[in-house]
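**Q** First, the structure itself, so that you have it in front of you.
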Amino acid sequence: MQDMMGAGDIAFPHLGIYLENVPKSFSVFGFPIAFYGVIITIGVMAGLMMALREARLTGQNQDDYWDFFLYVLFFSVVGARIYYVVFAWDMYKDDLLSIFNIRQGGLAIYGAVIAAFLTLFVYTRVKKKSFFQMGDTAVPGLILGQIIGRWGNFMNREAFGEYTDNLFAMRLPVEAVRAHEITDTMRAHMTEGINYIQVHPTFLYEGMWNLMVLVLMMLYRRHKKFEGEICLFYLGGYGIGRFLIEGLRTDQLQIGQTGIAVSQMLGISLFVFAVVTDLIVRLQLRKKQTA
């Protein structure tokens with residue numbers, strides 16, 4: 001058993017995976033570039049390419065998606081930051097300028113998703129396009145980007161859960177993670193001579209869940225009953241998965257002092273909304289067909 005780990009090591013002991021000196025960044029002409037940013041960029045571009053492919057296959061104008069991308073890229077980053085700052089206000093209230101320093105992290109995916117849908121709504125109203133058609137075309141790319149982007153959390157040693165000894169248990173050196181994310185339960189398992197925490201790799205759980213949602217979405221998209229149903233598929237599928245997985249995380253953004261994770265509340269709310277809306281629309285369509 002490996003009791004000591006180097007500062008850059010990451011291990012999945014029950015899978016027999018031991019990675020040494022995994023870097024968080026690399027340097028280009030002396031300028032540090034975080035792998036997190038590179039991976040997020042790859043995810044964004046992969047998502048765009050998938051949306052363009054879906055647009056082409058469904059006979060839509062790909063230029064509409066290029067134009068939309070220019071807006072959504074900016075507003076999604078802004079939304080992700082605003083969401084994080086609002087629910088982690090204690091970290092920023094005494095140093096307001098730090099709100100603009102995103103190099104230290106602090107982007108929430110739900111903020112980006114909310115901003116993306118709002119941007120799409122405004123864009124389609126202005127351009128007189130179908131919100132639901134563009135949404136159905138874009139969400140497979142959105143969740144693909146999320147799948148890839150979660151590996152940025154892996155490189156950053158973040159978005160992990162409580163102590164576990166299950167098959168996917170991940171070990172991280174204590175010095176590589178933020179101190180406030182180490183719980184008493186984790187410390188209780190750090191016996192003498194052990195310098196790591198062993199946790200749920202919730203970034204991996206979410207990536208695997210999202211991959212399943214994406215596969216099901218792609219299989220179903222040609223059988224959808226109405227425009228907008230794939231958007232509901234995304235909101236419900238991602239929402240229920242996030243609700244379940246968020247409960248394991250130690251870096252939850254919470255609603256004030258309630259102890260309630262905001263992403264869990266939002267996730268279950270979106271799941272209920274998606275299911276109820278889908279049923280209502282299907283019933284309306286059935287009534288029209290039998291009228």
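**Q** For the range 124-141, name all the residues that are in contact (Cβ under 8 Å) with a residue 60 or more places away in the chain and either at positive phi or more than 24 Å from the chain's Cα centre (by Cα) (or both).
**A** Within the range 124-141, 127, 129, 130 meet the criteria.
**Q** Filter the range 82-96 down to residues that are touching a helix residue (DSSP H, G or I) at 6+ places or on another chain (Cβ under 7 Å) and either in contact (Cβ under 8 Å) with a residue 24 or more places away in the chain or farther than 23 Å from residue 44 by Cβ (or both), then give me how many there are. It would help to see each step written out before you state the result.
**A** Initially, the range 82-96 is screened for residues touching a helix residue (DSSP H, G or I) at 6+ places or on another chain (Cβ under 7 Å), giving 82-85, 87, 92.
With the extra rule that they be either in contact (Cβ under 8 Å) with a residue 24 or more places away in the chain or farther than 23 Å from residue 44 by Cβ (or both), the set shrinks to 82-84, 87, 92.
Counting residues in the range 82-96 that are touching a helix residue (DSSP H, G or I) at 6+ places or on another chain (Cβ under 7 Å) and either in contact (Cβ under 8 Å) with a residue 24 or more places away in the chain or farther than 23 Å from residue 44 by Cβ (or both) gives 5.
**Q** Find the residue count for the range 185-205, including only residues that are assigned to a loop (DSSP other than H, G, I, E, B) and either basic (Lys, Arg) or touching a residue at least 40 places away in the same chain (Cβ under 8 Å) (or both). Spell out how you get there, then give the answer.
**A** We begin by selecting, within the range 185-205, every residue assigned to a loop (DSSP other than H, G, I, E, B); these are 189-195, 200-201.
If we keep only those that are either basic (Lys, Arg) or touching a residue at least 40 places away in the same chain (Cβ under 8 Å) (or both) as well, we get 193-195, 200-201.
Residues that pass the stated criteria total 5.
**Q** Please state which one of 245, 240, 268, 230 is in a helix (DSSP H, G or I), touching a Ser or Thr at 6+ places or on another chain (Cβ under 6 Å) and of a type outside the set (Gly, Ala, Ser).
**A** Working: 240 fails: touching a Ser or Thr at 6+ places or on another chain (Cβ under 6 Å); 268 fails: touching a Ser or Thr at 6+ places or on another chain (Cβ under 6 Å); 230 fails: touching a Ser or Thr at 6+ places or on another chain (Cβ under 6 Å).
Answer to the check: 245.
**Q** Just for the range 109-133: of the residues that are touching a Phe, Trp or Tyr at 6+ places or on another chain (Cβ under 7 Å) and either modelled with pLDDT under 90 or hydroxyl-bearing (Ser, Thr, Tyr) (or both), which one is surrounded by the most Cβ atoms within 10 Å (Cβ to Cβ)?
**A** Here the residue is 110.
**Q** Is it fair to say residue 10 is at pLDDT 95 or above and surrounded by 15 or more Cβ atoms within 10 Å (Cβ to Cβ)? Let's see the steps before the verdict.
**A** Working: at pLDDT 95 or above: yes; surrounded by 15 or more Cβ atoms within 10 Å (Cβ to Cβ): yes.
Yes: the conditions hold for residue 10.
So that you can scan it fast, the table gives a plain yes or no per residue for (1) farther than 18 Å from residue 112 by Cα; (2) touching a residue at least 40 places away in the same chain (Cβ under 8 Å):
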{"residue": "147", "(1), (2)": "no, yes"}
{"residue": "174", "(1), (2)": "yes, no"}
{"residue": "179", "(1), (2)": "yes, no"}
{"residue": "183", "(1), (2)": "yes, yes"}
{"residue": "213", "(1), (2)": "yes, yes"}
{"residue": "234", "(1), (2)": "no, yes"}
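**Q** Pick out the one residue from 16, 43, 106, 79 that is surrounded by 14 or more Cβ atoms within 10 Å (Cβ to Cβ), within 28 Å of residue 164 (Cβ to Cβ), free of Cβ contacts under 8 Å to residues at least 40 places away in the same chain and of a type in the set (Gly, Ala, Ser).
**A** Working: 16 fails: surrounded by 14 or more Cβ atoms within 10 Å (Cβ to Cβ); 43 fails: free of Cβ contacts under 8 Å to residues at least 40 places away in the same chain; 79 fails: within 28 Å of residue 164 (Cβ to Cβ).
Of 16, 43, 106, 79, the one residue that is surrounded by 14 or more Cβ atoms within 10 Å (Cβ to Cβ), within 28 Å of residue 164 (Cβ to Cβ), free of Cβ contacts under 8 Å to residues at least 40 places away in the same chain and of a type in the set (Gly, Ala, Ser) is 106.
**Q** Out of the residues in the range 243-291 that are among the hydroxyl-bearing types (Ser, Thr, Tyr) and in contact with a helix residue (DSSP H, G or I) (Cβ under 8 Å, 6 or more places away or on another chain), state the one that is modelled with the lowest pLDDT. Spell out the reasoning first.
**A** Step one: of the range 243-291, the residues among the hydroxyl-bearing types (Ser, Thr, Tyr) are 250, 258, 263, 269, 277, 290.
Subsequent filtering for residues that are in contact with a helix residue (DSSP H, G or I) (Cβ under 8 Å, 6 or more places away or on another chain) retains 250, 263, 269, 277.
Details: 250: 89, 263: 94, 269: 97, 277: 98.
The qualifying residue modelled with the lowest pLDDT is 250.
**Q** Can you tell me how many residues within the range 163-200 are touching a Ser or Thr at 6+ places or on another chain (Cβ under 9 Å) and farther than 12 Å from residue 4 by Cα? Working first, answer last.
**A** Filtering the range 163-200 for residues touching a Ser or Thr at 6+ places or on another chain (Cβ under 9 Å) gives 163, 170, 180-183, 186, 197-200.
Still in the list and also farther than 12 Å from residue 4 by Cα: 163, 170, 180-183, 186, 198-200.
So the answer is 10.
**Q** Condition test on residue 206, is it within 19 Å of the chain's Cα centre (by Cα) and farther than 28 Å from residue 236 by Cβ? Give the steps one after another, and end with the answer.
**A** On the way: within 19 Å of the chain's Cα centre (by Cα): yes; farther than 28 Å from residue 236 by Cβ: no.
Spelling it out, it is not the case that residue 206 is within 19 Å of the chain's Cα centre (by Cα) and farther than 28 Å from residue 236 by Cβ.
**Q** Residues that are of a type in the set (Gly, Ala, Ser), closer than 20 Å to residue 154 by Cβ and surrounded by 14 or more Cβ atoms within 10 Å (Cβ to Cβ): does the range 222-233 have at least one?
**A** Of the range 222-233, the ones of a type in the set (Gly, Ala, Ser) are 228.
Okay, now just the ones that are also closer than 20 Å to residue 154 by Cβ, so none.
Scanning the range 222-233 turns up no residue that is of a type in the set (Gly, Ala, Ser), closer than 20 Å to residue 154 by Cβ and surrounded by 14 or more Cβ atoms within 10 Å (Cβ to Cβ).
**Q** Considering the range 239-291 alone, what residues qualify as being of a type in the set (Lys, Arg) and either crowded, with 18+ Cβ neighbours inside 10 Å or touching a residue at least 24 places away in the same chain (Cβ under 8 Å) (or both)? Break it down into steps so the answer makes sense when it comes.
**A** We begin by selecting, within the range 239-291, every residue of a type in the set (Lys, Arg); these are 242, 249, 282, 286-288.
Correct list: 242, 249, 282.
The values are calculated or read from the model by the stated rules, or taken from the named source; none is laboratory data. Please read all numbers here as calculations on a predicted model, not as lab measurements. Cβ coordinates were reconstructed from backbone atoms using ideal geometry, including for glycine residues, and neighbour counts include every protein chain displayed.
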